[in-house]
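Take a look at the structure set out below.
The values are calculated or read from the model by the stated rules, or taken from the named source; none is laboratory data. Computed from a predicted structure; not experimentally measured. In this analysis, Cβ positions are derived from the backbone assuming ideal geometry, glycine residues included, and neighbour counts consider all displayed protein chains. Remember, those area values only see protein heavy atoms, side chains included, never the ligands or the DNA or RNA. Shrake-Rupley method; radii C 1.70, N 1.55, O 1.52, S 1.80 Å.
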Amino acid sequence: MGKKDTEELEEALTEARDVRDYFAENADELAERTLSEEFARLLAEKRLTKSLVAERSGLDRTYAYHIFDGKKPHPAREKVLALALALQLTPHEAQHLLYYARCPRLYVRDAWDSIIWHALEKQMSVTEANLLIEELGEAPLLG
């Protein structure tokens, strides 16, 4: 993976005369991680274990491990968000995780999404987030 951030890549693409030049100059920057690789990176960065995050998430342990290990490359959005809360990700980090899971980003004009955004900002647990969601009359994070 390269060292340019997304904004730098956007600027390079905007300024490129030809998309082929952009690809040639930024080939290392365009390498795509899998959801499993992104989880491995986040677990290492946060110094957390799969076991602890699975437990905190409220997901079935086996199901969580299938997500971590790439056996479930495109899990449901709610499950990804439960793992994001368990990892204590920021909203920005959670948006990236949703991208790798091929799930829609959080949209703060949506009431449910804005509650999840707030829960991520405040580093709430899944249980705390669900209590807040329930209090505000929305559907729970995990059934």
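Show the residue pairs that are 6+ apart or on different chains and have beta-carbon atoms under 7 Å apart, the first residue being within segment 1-30 and on the phi < 0 side of the Ramachandran plot, the second being open to solvent by less than 100 Å² (accessible area, probe 1.4 Å) and basic (Lys, Arg).
Taking only residues 6 or more apart or on different chains, the pairs are 29/4.
Quickly run through segment 19-63 and pick out the residues that are within 25 Å of residue 88 (Cβ to Cβ), surrounded by 15 or more Cβ atoms within 10 Å (Cβ to Cβ) and among the acidic types (Asp, Glu).
Across segment 19-63, the qualifying residue is only 38.
Residue 13: under 24 Å from residue 83 (Cα atoms), in contact with a helix residue (DSSP H, G or I) (Cβ under 6 Å, 6 or more places away or on another chain) and either modelled with pLDDT under 90 or not aromatic (Phe, Trp, Tyr) (or both), yes or no?
no
From the residues in segment 1-27 that are part of a helix (DSSP H, G or I) and of a type in the set (D, E, K, R), which one is farthest from residue 37 (Cα to Cα)?
15
Against the definition (over 14 Å from the mean Cα position of the chain (by Cα) and either of a type outside the set (Lys, Arg) or part of a helix (DSSP H, G or I) (or both)), how does residue 37 come out, yes or no?
It is false that residue 37 is over 14 Å from the mean Cα position of the chain (by Cα) and either of a type outside the set (Lys, Arg) or part of a helix (DSSP H, G or I) (or both).
If a residue has to be of a type in the set (A, V, I, L, M) and either farther than 25 Å from residue 114 by Cα or under 11 Å from the mean Cα position of the chain (by Cα) (or both) to count, how many in segment 60-85 make the cut?
Residues meeting the conditions: 6.
Considering segment 64-90 alone, what residues qualify as being open to solvent by less than 10 Å² (accessible area, probe 1.4 Å) and not in a loop (DSSP other than H, G, I, E, B)?
64, 67, 68, 80, 81, 82, 83, 84, 85, 86
Scanning for something at pLDDT below 95, within 18 Å of residue 96 (Cα to Cα) and in contact with a Lys or Arg (Cβ under 6 Å, 6 or more places away or on another chain), does segment 19-40 turn up at least one residue?
Scanning segment 19-40 turns up at least one residue that is at pLDDT below 95, within 18 Å of residue 96 (Cα to Cα) and in contact with a Lys or Arg (Cβ under 6 Å, 6 or more places away or on another chain).
Whether any residue in segment 103-113 is touching a Phe, Trp or Tyr at 6+ places or on another chain (Cβ under 8 Å) and among the β-branched types (Val, Ile, Thr) is what I want to check.
Yes, that holds for at least one residue.
Looking only at segment 97-114, count every residue that is part of a helix (DSSP H, G or I) and surrounded by fewer than 19 Cβ atoms within 10 Å (Cβ to Cβ) and tell me the total.
6
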